[in-house]
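Read through the structure below, which is laid out as structure tokens, and then see the notes.
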Amino acid sequence: STMLCINQMLDTMSEKAKGKAGIFDKFNMKYYTRIITYKTAFYSFYLPAASALIACNIVDSNALKACEEICVAMGVKFQIQDDYLDCYGDPEHIGKVGTDIFDHKCTWLLVIALQMMNEGQRKTLEANYGNGIEDKKAEQTIKELYKELDLEKVYEKQEADSLQQCTALIQKYSKILPAETFDRLLKKIHKRSK
């Protein structure tokens, strides 16, 4: 879809923005959510779920809108987990080496850090974020900054809050959608480690 392409472009543009004046001011929750809603939530969650509903002849516009709301919430949860695992996951376990810090990606961790940090921490971040895969020291500096800000604890709260949000949405629409299907999907992704 057009929105997927636009938001994939925004994601890629965040990589190319290293060193541009004021770029970290643009990396806010609104910008991040826009990217992941159409890049991850629609593509990986809503489109497959809506296709399955349509294949089962559930074509009511209210049901499809409810499906979208649930799937966007799950997709956002999933992408935040992906950002977290990219930074903190064991490459042997998750099957890839995390590169978001190297690549100057607009991630949930970065956005939350930008909201929490002081001026000195901001200068450290700006000097070290997105310095490329060769600069392992810069990546370590960013990870230490994230530790200083206690982002792992913030993530754990977000993980619990997003579970509650998704569960509430599934219950809200249980009269028009097969709740057990969405419950199973939520159980698969909640607290995933890869």
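The values are calculated or read from the model by the stated rules, or taken from the named source; none is laboratory data. Just so we're clear, the structure is a prediction, and the values are computed from it rather than from any experiment. Because the Cβ atoms are built from the backbone with ideal geometry, glycine has one as well, and the counts that use them run over all protein chains shown. These area figures cover heavy atoms from the full protein model, side chains too; ligands, DNA and RNA do not enter into them. Shrake-Rupley method; radii C 1.70, N 1.55, O 1.52, S 1.80 Å.
How do the peptides 63-69, 93-99 rank, highest first, by the average count of neighbouring beta carbon atoms within 10 Å per residue?
Highest-to-lowest ranking by the protection proxy: 63-69, 93-99.
Could you work out the helix-only [θ] at 222 nm for the chain, with each DSSP H run of four or more residues adding -39,500 (n - 2.57) and the total divided by the number of residues, to the nearest 500 deg cm²/dmol?
-21500 deg cm²/dmol
For region 76-194, calculate the relative contact order in percent as a whole number, restricting contacts to Cα pairs under 8 Å that are 6 or more residues apart.
29
Of the cross-linked pairs K26/K136; K39/K188; K30/K65; K136/K188; K30/K147, which ones have a Cα-Cα span greater than 29 Å in the structure shown?
K136/K188
Taking the simple approach of a point 7 Å from Cα along Cα-to-Cβ for both E92 and S44, what is their distance in nm?
2.4
Using the beta-carbon distance between A21 and K147 and R0 = 25 Å, what value does 1/(1 + (r/R0)^6) give for FRET efficiency, to the nearest 0.05?
Step by step, r from the Cβ atoms, then E = 0.35.
Before I look further, what does the chain give for accessible area per residue, probe 1.4 Å, in whole square angstrom?
54
DSSP loop (so not H, G, I, E, B), at most 11 other Cβ within 10 Å: list which GluC sites (Glu not before Pro) in region 80-172 pass both filters.
E134
Please express the shape of the chain as an equivalent ellipsoid: the semi-axes are the square roots of 5 times the eigenvalues of the C-alpha gyration tensor, given largest first in whole angstrom.
In descending order the semi-axes read 33, 18, 15 Å.
How many nm is it between the label spots at S174 and A55, if each spot is 7 Å from the Cα in line with the beta carbon?
Once both label points are built, they end up 2.6 nm from each other.
Semi-axes, largest first, in whole Å: what does sqrt of 5 times each Cα gyration tensor eigenvalue give for region 42-143?
Gyration-tensor ellipsoid for region 42-143: 37, 16, 9 Å.
How large is the convex hull of the Cα atoms of region 98-194 per residue, expressed in Å³ as a whole number?
Enclosed volume per residue, from the Cα hull, is 111 Å³.
Label-point separation (nm) for A127 and D161, each offset 7 Å from Cα along Cα-to-Cβ?
3.1
At q = 0.12, 0.14, 0.18, 0.26 Å⁻¹, what base-10 log of I(q)/I(0) does the Debye formula yield for region 23-99 when every alpha carbon is treated as an equal point scatterer in vacuo?
After summing over all Cα pairs, the log10 values are -0.45, -0.58, -0.80, -1.11.
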